[in-house]
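Note sheet for the following structure.
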């Protein structure tokens, strides 16, 4: 994850959320992101900065500071730094000192979007536009920034879960689990296709003459979106856009911050924290009896999956595709080219595909094998059509 | 301790207790034994299994599971494992998948005996019979399984204590210590002999015309037995068999689980947990003022005795014999032969020697030196006679 | 810090305080000093010893012991050690054993002075006289031993602070800080000179026709003294000797014990513990808002200053001089010679220079540059004069 590693350099080519805006108020916040010690703060003018943690003078941590009208001042000898790392004052130095002109403190560009602070930690000349996904401003939905929660494991095993629909039918329908409907317990037809934004899984189920198509997005390097996990037949008859957009931001090799947005139809309250089974706070025995995502994923090989010990099966096709997509990105950066990065065309938002959709009037095919094929065909058509009927 | 190390391979040639039966009920138990991550569980049919901790599919810890009628099911994708590691189901895989026929999950054989679960973690073709010691079914005594308590130190320094009668006269008669009688404060005549089951120390004291002979067993690789630590003259006039049988099971190089049996005459209550000074739970200053076995042994060189810093003395003859016995066993395994392993003859239990015995009518010899020799001679005769008068 | 390292060997050539006398009473105290595991204790005769922690026999920690009339006895087998490491008894060994004549337990010489226990951990033939500084017995002042408080960082960054007057003007005049007067917020003229005892900083400020000269000592390898941090004009018109003498004793590379003396005019109470901002016990957010010495120094580069990341400036002249003085000492020891070590001449106490002094009747020079030069000249004269007027 650290600077200079193949995967670290790849991840640094993307804007990453680092904290919610409301968490950066009057006091600086010490952060550990992609293996780097950093401090973020908001000066009294409202500008947000992300600086190297240690003062360039003598190394005092800039978490202990005076936040100023412009920038922040180290507590030890009063050096003053602007949000972009410019050194504004070096008190005690002679009037003719050029020290502050010759030295810059390490800083990364940041921006705020809908309640999250994003940073770009890669090479300055490779900075991409900030990606606006179509789900960031959905008519009829409110977007809510969710504070990060940290899992003590590697980020990749967290992200792989997003292209693993098989676990829905087991983990999320265990007696006592909440947040998912029992309809998911029936095994779906699982399919995986690349999209303009990354890839999706398509989880399709027959319900009489109706076909329920459930689509979840993965956008490289570490974003996923998923629909509401509920049988749309029970309450809805048409499209549902994603309830959540999540980044899995590596803090280091064995700690990952999940952070992002929840959304809810206007007038309804979005969930504001981790859901059932999404953290390690429950009593151990309860986690043993009714495990959740946290337990199934964090416990893998004690925190970092060792791929040589795995026995991947046909249900892992999406995981393998996701790994290959990330591997291609890492190799692109290693080869001096740009990694695949979804971008909006002509100023438009980037289309994504996560949805629940029900297709009506599809009677079963004559044999189970033919019906499986039919369901997959319908699923692919739904994705190929994109999000057309936002009614 | 790990697999492949000389000492690890030696210890793996013996059945080892890993937990009490009552601790393996409706929930699986994660264990770390001989450096390996394992999970033990009892399925709903009552069968007990000991499996590798991490699911062979994607690595989720099998401490988070569904215990089933037969075997246990990983929470993440529902793979089902029998107690012997056989993979019974791989849900989601195609009907014609042969995956579960081609793959076995790691498992060790277990058996339950008198409330303890024992495992054999060595090569399958070297598995010995489970050793039944004569103390496992003593007429007139009840056997009670004692849950393991963990000491943060190496197992060898714990086990050496069992052949170290000298410490009884100091550590266990400190003012405030309980569990031992003050009679032990007098230095005994100490002698050590090999037996059919391993070795014993013989701690002999004169009391007028009577001679009190106290014998404790060591059975390789990591078992010991000792009598009740009380002056038999005060309450008894004849034999007493061991109050405790203990295994020192290495969890790793610096953690050792003491586990085993206590026994008590029928109708009397056996002690059910660690005794005085047997754990680290007392306040530090109290442990300084009245140290116990835990403090004296765990503190050695910070957790692992460095033999090069020791200065062994004549009181350490038993420790040296014990080390040599273990060294011979390690070398035997390294050389491809079998280590010494006590076995019963013709279906009979394995005889052991731990006892308190008083020999009457032995007036003192003319000189202290001659009396010392006399006491040692009587001690050896008691051991040579075996346990003859169980009345 | 450990034995055999260049800096460790240098530091071992000086007497170091290890604990206060009142902390060594009826129970032994386990210590970790200069990377070594030790135990100090006071036997029932009142003699204080400092021994290697682990018993030479079988390695039990001597923190679990019987303190005896003479020496202390290991709890495991009763070996008895005198305060100088001599083995007095090896119970259980034969009457003709010469073991205790042939073996000595590791011990360091100690002495008690004004409530502190000092140890010498260097080569026996290099042991210097115990240094009596002139501030140890100041007429009209009481000396109070201050128990050590441990900072989780390297000792050098703690000690460097003592020759860094610039931080007074920032860190110690932050709103909410206590213990320093706002007069220090004005930048002083800073000067640094070597003295017979080590070096001093001279922090000089003009107040009308008066000049306030503030002098602090550094005595190698790890001692400093500073005056009361208060504007003497407000309450006093003449000299003030140091309020504190402090050693920064390395426990290991990332833990440093600050220990030493406070002093107060007779009849007034000296501060008995760490002052404001001198420890990590305050709530984190309060430490962020009003940082103290602890926060500014401990946080440097996460615990050990990495000099290659620093950008030293003109305010760091004293830090550079201090580093050079220590470097010269380390090299002297490496070259087989003796490090600079302040010693009293002809039985007299070693003169030191820390003081607050006000020089009256000095009108400002015509220009700021000339006045700066004038102030520095006055400062140097004050130090050159030594402590002459103790009235």
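Read-outs: derived from the displayed coordinates by stated rules, not from any lab. Just so it is clear, the structure is predicted and the values come from calculations on it, not from any experiment. So basically every Cβ, Gly included, is an ideal-geometry build from the backbone, and we count neighbours across all protein chains shown.
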Q) Using a Gaussian network model of chain C with C-alpha springs under 10 Å, which one of C:60, C:20, C:245 is most mobile by mean-square fluctuation? A) C:60
Q | Sum of -39500 (n - 2.57) over DSSP H runs of 4+, divided by residues of the protein assembly as shown (222 nm, nearest 500) | A | -5000 deg cm²/dmol
Q.
In Å, what Kirkwood hydrodynamic radius results for the protein assembly as shown from the alpha-carbon pair distances?
A. 35.9
Q: Between residue B:210 and residue B:362, with labels modelled 7 Å along Cα→Cβ, what's the label distance in nm to one decimal, could you check?
A: 1.3
Q. Under the definition of partner shielding as Cβ atoms of other protein chains within 10 Å of a residue Cβ, what is the mean value for peptide C:86-95?
A. 3
Q) Which residue, C:39, C:22, C:358, tops the fluctuation ranking in a GNM of chain C built on C-alpha contacts under 10 Å? A) C:22
Q: Give me the distance in nm between label points sitting 7 Å out from Cα along the Cα-to-Cβ direction at residue A:45 and residue B:44, one decimal.
A: 6.8
Q) Mean separation of Cα pairs under 8 Å and 6+ residues apart, divided by the residue count of chain B: what relative contact order is that in percent? A) 19
Q: For chain A, with a Gaussian network of springs between Cα atoms less than 10 Å apart, report the residue from A:307, A:57, A:32 with the top mean-square fluctuation.
A: A:307
Q. If we hang a label 7 Å off Cα along the beta carbon direction at residue C:366, how far is it from the matching labels on the other copies, in nm, shortest first?
A. 11.6, 11.6
Q) Once you average over the residues of B:299-311, how many Cβ atoms of partner chains fall within 10 Å of each Cβ? A) 5
Q. Shielding of A:154-163 by partners, i.e. mean partner chain Cβ atoms within 10 Å per residue?
A. 1
Q: Measure of size requested: the Rg and Dmax of region C:69-128, with Cα atoms as the atom set and Å as the unit; please supply both.
A: 14.5, 44
Q.
Rounded to whole Å, give me the distance from the Cα center of region B:155-173 to that of region C:241-313.
A. 45
(Q) Counting just the Cα atoms, what span does region C:297-391 cover along each of its three principal axes? Round to the nearest Å and put the largest first. (A) 48, 43, 25
Q: Using a Förster distance of 22 angstrom, determine the FRET efficiency expected from the C-beta separation of residue A:102 and residue C:308, and round it to 0.05.
A: 0.80
**Q.** Translational diffusion of region C:75-230, µm² s⁻¹ [Kirkwood Rh, Cα pairs; Stokes-Einstein; 37 °C; 0.692 mPa s]
**A.** 162
Q) How do the peptides B:133-141, B:217-225 rank, highest first, by the average count of neighbouring beta carbon atoms within 10 Å per residue? A) B:217-225, B:133-141
Q | Using a Förster distance of 35 Å, the FRET efficiency for residue C:252-residue C:86 (Cβ separation, nearest 0.05) | A | 0.75
Q) Measuring from centroid to centroid over Cα atoms, what is the spacing of region A:74-129 and region C:53-106 in Å? A) 62
